[in-house]
Amino acid sequence: MLSVDKKANGIALLPLITFVAVFLWSGVQYGSFYEFPAPIAVLVGIIVAFFIFRRNGIGQNVNNFIKGCGNHSILMMCLIALLSGAFSVVTKHIGATETFVEITKNYLSLQYLYVGVFVIASFLSFASGTSVGAVVSLAPIAAGFVALPNVNVELIAGALLGGAMFGDNLSFISDTTIASTQSQGCEMKDKFRMNGKIALPASLLTILILIIIGVSLHPSGHFLSNGETQIQWLNLLPYITVIVLAIIGLNVYVTFLIGTFISGILGFWYGSFGFLEYCKTIYEGFSSMNDIFLVFLFTGGLASMIEREGGISFLTQKIGKFINTKGRAIAGIGFLVALIDAAVANNTVSIVISAPVAKNISEKYGISPIQTASILDISSCILQGIIPYGAQVLLLIKLLDVNVDYSNMITQTYYIWLLLLCTILFFVRLSLQKGYNLLK
């Protein structure tokens with residue numbers, strides 16, 4: 001988002017509050033957060049924004065909205081959504097998802113399915129540096145897992161989401177790592193060590209919990225197949241290609257294009273479709289992501305309008321009044337970036353917006369750049385993994401292609417909650433060691 005100096009204006013947050021309120025109301029009213037069309041919920045907030053900011057004139061408001069829609073990060077997410085949708089639908093059409101499920105049924109006990117999903121997602125997100133990339137790469141595979149009998153759908157989703165967020169704040173090459181370290185003037189390796197002291201204990205505890213839950217849910221530990229099912233191993237090629245290309249750091253757009261192209265070649269070879277049907281299948285994948293595409297686009301425009309009218313400045317000003325000790329400075333930085341992430345639904349953007357304020361606070365109260373970068377990264381990661389309108393949650397639920405209860409999923413996303421707990425304990429302990437108290 002474009003940073004614009006504006007007078008603090010709490011009224012500017014009303015469109016965001018309206019959007020979130022409609023979103024939450026729909027979840028309560030219809031029993032699911034995703035029954036009510038999410039783009040309409042954002043549209044209500046946009047209408048409120050145009051009304052509240054009417055003094056600017058319709059033309060200026062439209063320009064501000066369009067600039068937000070055209071933000072680089074927003075358009076990146078939109079394109080990723082389209083390409084991941086195409087990849088997911090084409091691979092499913094050639095039977096690749098079913099192949100992966102058959103392999104799991106033959107070689108992996110149900111007891112370790114949940115922890116397996118978490119570990120694989122953690123590795124992929126850490127290696128590729130993107131939680132969204134991990135979600136869109138693995139969700140089509142997990143879609144097959146959730147169709148297995150007696151599988152806890154929300155626990156699978158929570159394990160995948162938690163694993164994806166693990167790498168998002170710990171990876172050397174993630175956007176959030178780059179944004180937090182560069183803005184605070186510290187080395188990535190130093191920030192990695194700091195984050196590792198918090199994220200690694202949380203991940204190890206998550207692994208232990210998922211193993212215990214898996215064993216308790218499936219005490220027999222049986223495999224779902226007798227091993228006699230014939231497996232078409234070649235169907236794994238699109239998934240392996242996407243995962244390997246993501247790990248080596250190839251551009252995510254190129255990665256999914258190559259994966260979709262390879263899936264098409266296999267489809268031609270199997271006789272699953274001709275050229276025209278292949279193109280229609282790709283477009284079907286695009287169409288399946290229309291609602292998420294619109295949510296990303298609309299929230300980008302809404303966030304831009306709110307920021308330009310002083311909504312973000314209002315948050316920073318109010319949090320600034322709370323800060324009067326070194327301990328509160330640490331908590332304040334965490335709250336600041338979390339609240340901004342709730343407003344813009346993008347953890348990288350929230351770090352970029354809050355970084356200058358965080359740097360001033362840290363310099364004033366003697367907080368090291370490494371600690372500040374770590375606070376920014378982890379706090380935004382936690383909020384991004386929780387909000388129901390974030391890219392990770394929206395893409396995950398969409399690509400799983402099954403009814404997922406958001407509340408149950410978030411409750412069972414153990415890594416996020418353990419990361420929050422470990423973060424609080426770490427910085428409270430740090431504050432006590434340094435002679436200042438977070439609670440003062």
Quick one: L399, L376, L266, fewest Cβ neighbours within 10 Å first, how do they rank? L266, L399, L376
For E98 and Y253, what is the calculated FRET efficiency with R₀ set at 22 Å and r taken between the beta-carbons, to the nearest 0.05? 0.25
Residue of D190, D341, D168 that the Gaussian network model of the chain assigns the largest fluctuation, springs spanning Cα pairs under 10 Å: D190
Using a Gaussian network for the chain with springs between C-alpha atoms less than 10 Å apart, which of these wobbles most: E154, E187, E307? E187
Order of E284, E309 - criterion: other Cβ atoms within 10 Å of each residue's Cβ, fewest first: E284, E309
Rounded to the nearest 0.05, FRET efficiency between R193 and L425 (Cβ-Cβ, R0 22 Å) equals 0.80
Stokes-Einstein D in µm²/s, Kirkwood radius over Cα pairs - the chain at 20 °C with 1.002 mPa s viscosity: 95 µm²/s
Per-residue Cβ contact counts at 10 Å, fewest first, order F322, F145, F273 as F322, F273, F145
Which one of V44, I378, I248 has its Cα pushed farthest toward the positive end of the charge dipole of the chain, where Lys and Arg give +1 and Asp and Glu give -1 at the Cβ? I378
Counting only helical runs of four or more DSSP H residues, what would the 222 nm mean residue ellipticity of the chain come to if each run contributes -39,500 (n - 2.57) and the total is spread over all its residues? -25000 deg cm²/dmol
Placing +1 on the Cβ of each Lys and Arg and -1 on the Cβ of each Asp and Glu in the chain, which of L266, W25, S109 has its Cα farthest towards the positive end of the resulting dipole? W25
If one builds a Gaussian network model of the chain from Cα atoms under 10 Å apart, the most fluctuating residue listed among S122, S137, S288 is S288
Options A8, F286, G196, ranked by Cα towards positive dipole end of the chain, top entry (Cβ charges): A8
Spelling out what I want: for every residue of the range 302-311, take phi, set θ = phi - 60°, compute 6.51 cos²θ - 1.76 cosθ + 1.60 (Karplus), and round to whole Hz; glycine and proline get x. 5, 4, 5, 5, 5, 5, 5, 8, x, x
Total charge dipole magnitude, the chain, about the Cα centre, Cβ charges on Lys, Arg, Asp, Glu only, Debye to nearest 20: 1740 debye
Over 23 Å between Cα atoms, which of K7/K318; K191/K398; K189/K326; K92/K398; K67/K280 qualify? K191/K398; K189/K326; K67/K280
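No value in this document is a laboratory result; all are computed from the given coordinates. Since this is a predicted model, take the numbers as computed values, not measurements. Virtual Cβ from ideal backbone geometry, glycine too; neighbours counted across all protein chains shown.
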